[in-house]
1. Using DSSP to define loop residues, name the trypsin sites (Lys or Arg not before Pro) in the stretch A:53-98 whose beta-carbon has at most 15 other beta-carbon atoms within 10 Å.
2. Apply the a/c threshold of 1.5 to the C-alpha gyration tensor of chain A and tell me whether it is rounded, prolate or oblate.
3. Under the rule that an exposed site lies in a DSSP loop and has at most 16 other Cβ atoms within 10 Å, name the longest stretch of chain B with no trypsin sites (Lys or Arg not before Pro) of that kind, not counting the sites themselves.
4. Which of rounded, prolate or oblate describes the protein assembly as shown when judged by the alpha-carbon gyration tensor and an a/c cut-off of 1.5?
5. Step through the table entries A:K1/A:K42; A:K1/A:K112; A:K108/B:K9; A:K68/A:K105, compare each Cα-Cα distance with 26 Å, and write down the pairs that go over it.
6. Please identify which residues in the stretch A:1-35 have an amide N closer than 14 Å to a label point set 7 Å out from the Cα of A:Q54, following the Cα→Cβ vector.
7. Taking the Cβ of each residue in A:S69, B:S84 as the centre, tally the other Cβ atoms inside 10 Å and list the residues starting with the fewest.
8. Residue-wise, which Karplus ³J(HN,Hα) couplings in Hz belong to the stretch B:20-25, taking 6.51 cos²θ - 1.76 cosθ + 1.60, θ = phi - 60°, and x for glycine or proline?
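Taken together, the values in this text are just the output of simple stated rules run on the coordinates, not laboratory data. Predicted, not measured: the structure shown is a model, and the values here were computed from it. Neighbour counts run over all protein chains shown; Cβ positions are idealised from the backbone, glycine included.
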Amino acid sequence: KQEVTQIPAALSVPEGENLVLNCSFTDSAIYNLQWFRQDPGKGLTSLLLIQSSQREQTSGRLNASLDKSSGRSTLYIAASQPGDSATYLCAASGGGSQGNLIFGKGTKLSVKP
Amino acid sequence: NAGVTQTPKFQVLKTGQSMTLQCAQDMNHEYMSWYRQDPGMGLRLIHYSVGAGITDQGEVPNGYNVSRSTTEDFPLRLLSAAPSQTSVYFCASSYVAGAGVEQFFGPGTRLTVL
């Protein structure tokens, strides 16, 4: 059974710092690894999706990497801003039903001005 | 496109009452699913559908029913609400279920069962 873990559960950094959020998964037979952002009381916003055949994806200040052999993905945020404060979730899909997402519990990021 | 829409945004029920959470998408997506989000538990899959007329159970299906009569709509029914069903419910959709296909989430329904 796939399990997804995100460490740390919470992170506080000063504005301008580059940071890395970690996501690990137990079953390397995944199809996709998707990163989401969730603001308090809101829904999930998709940030980046990495197919199993890819190593990384980039969007603006965000870069996500995938290493299936080690069961890890990272989300790199460059030059963090207070507006980046949110909870970041990673989710893996694959196995018997390709669309079903297994979520980590998230990392709550706080960027201090 | 409105994307994935959910109604209502908030709902309070008494134990034993029934209700339907609505989910609709206007992107002609075949794959739709329901998740619940609980503190300390993360998001867990309740039911999913790979197309009209086809549904299947996820990780936590007990107490919930679904049907998929059209591509656009995927309602979630609580037949007899219990306090353990107090949660935030999210609907998601994607073009198909497969590699490289991004999933999109609705804004959620916050349900309280007294």
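1. A:R55, A:R61
2. The shape class here is prolate.
3. B:15-114
4. On the way: a/c = 1.88, a/b = 1.43, b/c = 1.32.
Note, shape of the protein assembly as shown comes out prolate.
5. On the way: A:K1/A:K42 29 Å; A:K1/A:K112 38 Å; A:K108/B:K9 23 Å; A:K68/A:K105 20 Å.
Pairs exceeding 26 Å: A:K1/A:K42; A:K1/A:K112.
6. What the label zone holds, given the 14 Å backbone N cut-off, is A:31-35.
7. Arranged by neighbour count, lowest to highest, A:S69, B:S84 become A:S69, B:S84.
8. 10, 8, 9, 9, 9, 9
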